[in-house]
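**Q** Next up is a structure, given as structure tokens.
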Amino acid sequence: MSSPEFTEWLAYYELEPFGPYADDLRHGVLASLFANTFRAQGSTEKKPADFMLSADLGAPKQQSVEEMQHRLRMAFKAMERTRPRVP
């Protein structure tokens, strides 16, 4: 992966985080929306964390640049293995 491509992925991640925590958060927001829409009067409001599998783990830890580069390299290698070859 070239340096400009890596920089582009870093910028994209800042705009649209991806990964398990971001996925859980998105689903938690949707589930809390439905739960709060149909909750009984006087019951406590549900938060997205109430529906997240990894809510007890907290937000993702700050990663070093090297660690993020390694994770992106591994993801791209996995994508290349499954991408069909075009002649």
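**Q** Taking the radius of gyration and the Kirkwood hydrodynamic radius from Cα positions alone, what is the Rg/Rh ratio for region 1-51, to two decimal places?
**A** Here Rg/Rh amounts to 1.29.
**Q** Something else: Tabulate in residue order the Karplus-calculated ³J(HN,Hα) for region 4-13, using 6.51 cos²θ - 1.76 cosθ + 1.60 with θ = phi - 60°, rounded to whole Hz; enter x for Gly and Pro.
**A** Running phi through 6.51 cos²θ - 1.76 cosθ + 1.60 with θ = phi - 60° gives x, 5, 4, 4, 5, 5, 4, 5, 4, 5 Hz.
Bear in mind that the values in this text are calculations on the coordinates, not laboratory data. Just so you know, these numbers come straight off a predicted model, no measurement behind them.
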